[in-house]
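Nothing in this text is a laboratory measurement; each read-out follows from the coordinates by a stated rule. Please read these numbers as outputs of a predicted model, since none were measured by experiment. Don't worry about glycine lacking a Cβ; one is built from the backbone with ideal geometry, like all the others, and counts go over all protein chains shown.
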Amino acid sequence: MEGVGSSSLLPGIFSGVSKIMKKISKLLLAKQSKAPLFDTLLAHAKRDVVSFHCPGHKNGKGIDRELKDYTGEEVYKFDVTVFDEVDSLHDPVGSIKKAQELMAQAYGVEHSFFLVNGSSVGNIAMFLAACDSGDSVIVSRSSHKSIMAGIIMSGVWPIWIQPKIDQNLDLIFNSTYNQVKDALDRYPEAKAVFITSPTYNGIVTELSRVVDLCHRRGKTVLVDEAHGVHLLFNDQLPESAVSAGADLCVQSTHKILSAMSQGSVLHFNSKLVDFNRVKRVVSMLQTTSPNYLILATLDLARRQAFLRGEENFNRVIKAAEWGRAYINDNINSMKCFTRQEVQKLGFDLDVTKLTVNVTKTGLSGYEIESILAKEYNVQLDYADLFNLVAIMSEGSEKSDVEVFVNALENISEKYRGKQKNWILKIPSLATEMVMRPREVFLSNSTKKVSLKKAAGHVAAQTLTPYPPGIPVVIPGERITKEICDYLIDMSSKDIRVSGQETGMLRTVKVFTN
């Protein structure tokens, strides 16, 4: 055997491995081609069932005629409530159990929970499942409002990370690796780190580095990936939270894939979090009468993304990049930032999000959003003073992008606003947390004080100017003079402040001893 080198065995070995991998791939494709929950509901819908079960419309027969004339009657046969044939979301043993297992397999995680209350309920569930009352959690200030709900309901102490602002791009960036590391160094007692990635604009954090850092220090990583449900299914897109190893991750399947509104998923893949606790919390937060049409579309969206996601998003990416280039090359008063620009700043970009800066038009993003809707039948997902945000998905076509950019080009020629010297800024949010937000939220010991005299008081409400959409006042936090001056300035410019109780922000609710 001396003449037979080990290298001569390699082709045979690799051939064997290749055959095994192909067999595994075929088996996986065969499994992922199924949609057990949808198939169960379809079989039920095709039966001539006489219903004495909820809901009250009885397989569509009781639906208002005007609506039924538009939608047809068949779809309402999918709107059933829990019984053995269709399984139970709270105690799945049949088709829902199989559908959730296929979702977990598709994303490479231990378990996936179907959510019918949107990703908001998933964010709240992550706090309640991973943290105990009194724990500390590191979290970026630029998070969805449901994060504050999770903080209040779980009773944790938030440790806030100040968002980064790039005034060249008029954009807010989420937590960086260095910011997370600095927070962990300063607050080693923190139980978990909460990250939002991607942002509305498609900005993606270096999640692999963050997860590795946190896990080396025994910290749980929670990720709001509402806008990143599709990232796993195309190699041209940034890394997803599940690939990076997040312990818990929530995704809005309805935002980018083909599920109906409110259809989301919470992925579990952790050695640090108790699975049974997650299961109990999710059940506690969800309705006992889930919409099975939403559940069915979660099942189908997974199948579609797994089987055709690469192909579909190749098309979407190509259309998005065409639109980005067209705007940058042809509309002088508008700018759509590129992936390369974002990568230079240490982040990545989901290019299926088109953020169009409109400051040179002299019009605000709000104004152009309104013009697009009223005059061009183009509906955007989001706008602020500086930008428009167009979200593309599996349902997007190049023809849609053409309508959008042609409308922008027309608006840039037709409308001329007065150039404004707006600057995207926020005050320092390195303020003192005097009380847990939960304590203040549940307290009746509050009063209103003039914003001009609020410095030094402990806030008893949340105030969030738009833009930048970041809460500058949080329950339990010491209000600073800088924050007061900032809010007064925002209000004088007619900037919308979420949480204010009147048209003009003059007072703030504070805690009284």
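In this structure, the pairs whose alpha-carbon distance is over 27 Å, taken from K318/K414; K164/K360; K97/K191, are K318/K414; K97/K191. What FRET efficiency would be calculated for the residue pair Y177, H57, taking the C-beta separation as r and a Förster radius of 56 Å, to the nearest 0.05? Calculated transfer efficiency: 0.60. Computed from phi, the 3J(HN,Hα) profile of the range 302-312 under the Karplus parametrisation 6.51, -1.76, 1.60 (θ = phi - 60°) reads 4, 4, 5, 5, 5, 7, 10, x, 4, 5, 4 Hz, with x in place of Gly and Pro. I'd like to know which of A454, I152, Q343 lies farthest towards the positive end of the charge dipole of the chain, counting +1 on Cβ of Lys and Arg and -1 on Cβ of Asp and Glu. After comparing all options, I get A454. For L363, the residues whose modelled amide H falls within less than 5 Å of its own, excluding neighbours fewer than 5 places apart on the same chain, are G417. Quick one: Debye curve from the alpha-carbon atoms of the chain only, equal weights, vacuum; give me log10 I(q)/I(0) at q = 0.07, 0.11, 0.12 Å⁻¹ to two decimals. So the normalised log intensities are -0.45, -1.07, -1.23.
3J(HN,Hα) along the range 194-202, derived from phi through the Karplus expression 6.51 cos²θ - 1.76 cosθ + 1.60 where θ = phi - 60°, amounts to 10, 10, 9, 7, x, 7, 3, 7, x Hz, with x in place of Gly and Pro.
In the calculated pair-distance distribution of the range 92-283, the portion above 30 angstrom amounts to 13 percent of the Cα-Cα pairs. Straight-line reach from K46: taking Cα to Cα under 16 Å and skipping same-chain neighbours fewer than 8 places apart, the aspartates and glutamates in range are E73, E74, D79, E85. Considering only N174, N201, L363, the residue lying farthest towards the positive end of the dipole of the chain is N174, judged by Cα position with unit charges set on Cβ. Against the chain, whose longest principal axis is taken from its Cα atoms, helix 118-130 shows a tilt of about 90°.
For a test of the definition: using alpha carbon positions, the gyration tensor, and the 1.5 limit on a/c, classify the range 437-511 as rounded, prolate or oblate. Taking the square roots of the gyration eigenvalues as a ≥ b ≥ c, the range 437-511 is prolate. Shape class of the range 160-236 from the alpha-carbon gyration tensor: oblate, with a/c at 1.5 or above and b/c at least as large as a/b. When both bridge partners sit in the chain, DSSP labels roughly 70% of those beta bridges antiparallel. 3J(HN,Hα) along the range 162-177, derived from phi through the Karplus expression 6.51 cos²θ - 1.76 cosθ + 1.60 where θ = phi - 60°, amounts to 5, x, 8, 10, 10, 7, 6, 9, 6, 10, 9, 9, 7, 4, 8, 4 Hz, with x in place of Gly and Pro. Once you place label points 7 Å from the Cα toward the Cβ at T446 and R217, how far apart are they in nm? In this crude label model, T446 to R217 measures out at 3.3 nm. Straight Cα distances below 17 angstrom link K509 to the lysines K447, K448, K452, K453, K481, with same-chain residues fewer than 8 positions distant left out.
Distances between placed amide hydrogens fall under 5 Å for T446 paired with T512, all partners being 5 or more residues away or on another chain. Mean residue ellipticity, 222 nm, helices only, the chain: the sum of -39500 (n - 2.57) across DSSP H runs of n ≥ 4, divided by residue count and rounded to 500, is -12500 deg cm²/dmol. Hey, quick one: spin label on D329, modelled 7 Å out along Cα-Cβ, who in the range 358-399 has an amide N within reach, i.e. under 20 Å? So the set is 397-399. Each Lys and Arg contributes +1 and each Asp and Glu -1, all at the Cβ; summed about the Cα centre of the chain, the dipole is approximately 740 debye.
Seen against the Cα atoms of the chain and their longest principal axis, helix 145-154 is set at about 80 degrees.
Classify the range 310-414: rounded, prolate or oblate, from the alpha-carbon gyration tensor (a ≥ b ≥ c, eigenvalue square roots; a/c under 1.5 rounded; otherwise prolate if a/b is larger than b/c)?
oblate
Dipole of the range 425-513 computed with +1 at Lys/Arg Cβ and -1 at Asp/Glu Cβ about the Cα centre; of V434, P465, L505, farthest Cα towards the positive end is L505.
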